[in-house]
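A.B. asks: Okay, handing you the structure first.
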């Protein structure tokens, strides 16, 4: 007979997951120059690769991890979710979300107007990071991440969400037809900008989607990347750098 494990053993308890931690970077604090100045973490925007490497090493040092313990993605506006089971030197190809239940792995998503979504079931020790731009949010990247978390032992009623800085509905102007199309697939996202034109508030739509899915709570960084000069914004001024929103389980 196979011995029981965890809380099934008399007198023993399952090890509790470590503390879930999150961080969102800003524009300052790195070595990049020109339109990428200075803490650009995007490796696909035309910046000097060595500057990006140094910035990523700096981020890893600041959160107390080795650089290969920060998991990066090749974001393509998909609804593909990957699972990270250990350190890796290369980014995960062609994916816009990543889930792990391994302590000490930091999951990072890049953004410069799109919505970074950080998810965690602290009790189960399952976390996720999602890049939810207009296309990805429209086609269901966030529900796909929730599904993968549940497969790994999370429960919807215990999952908490954090929505990072992104383009606000005040500034995110789109054609009326595009607004109607996104609203059809992501209800709650249609809005009117400060100029009175058709707009999108993706965070509002994602918040509604998460709560209707049954997650426990949704927190939000209210900053607008287009308005806030301390953040990168592709819409405000391309080419430009990318922010990182990072989540990890700290067992130290």
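A.B. asks: Give the dimensionless ratio obtained when the Cα radius of gyration of the stretch 17-250 is divided by 2.2 N^0.38 Å.
C.D. replies: Working: Rg = 16.7 Å, N = 234, 2.2 N^0.38 = 17.5 Å.
Against the compact-globule rule of thumb, the ratio is 0.96.
A.B. asks: Per residue, what volume in Å³ does the Cα convex hull of the stretch 150-239 take up?
C.D. replies: 122 Å³
A.B. asks: Do you know the relative contact order of the stretch 103-252, to the nearest whole percent, from alpha carbon pairs under 8 angstrom that are 6+ apart?
C.D. replies: Once divided by the residue count of the stretch 103-252, the mean separation gives 33 percent.
A.B. asks: Another one. Exposure proxy check: 131, 185 ranked by fewest other beta carbons within 10 Å?
C.D. replies: 185, 131
A.B. asks: Something else about it: For the stretch 27-125, report the translational diffusion coefficient in µm²/s to the nearest whole number, using Stokes-Einstein at 37 °C, 0.692 mPa s, and a Kirkwood Rh over Cα pairs.
C.D. replies: Values: Rh = 14.3 Å.
The Stokes-Einstein estimate is 230 µm²/s.
A.B. asks: Shifting gears a bit: Restricting to DSSP H runs of at least four residues, report the calculated mean residue ellipticity at 222 nm for the chain, -39500 (n - 2.57) per run over all residues, nearest 500 deg cm²/dmol.
C.D. replies: -6500 deg cm²/dmol
Taken together, the values in this text are just the output of simple stated rules run on the coordinates, not laboratory data. A quick note: this is a predicted structure, and the numbers were derived from the prediction, not measured. A quick note on method: Cβ atoms are made from the backbone with ideal geometry, for glycine too, and the neighbour counts reach across all protein chains shown.
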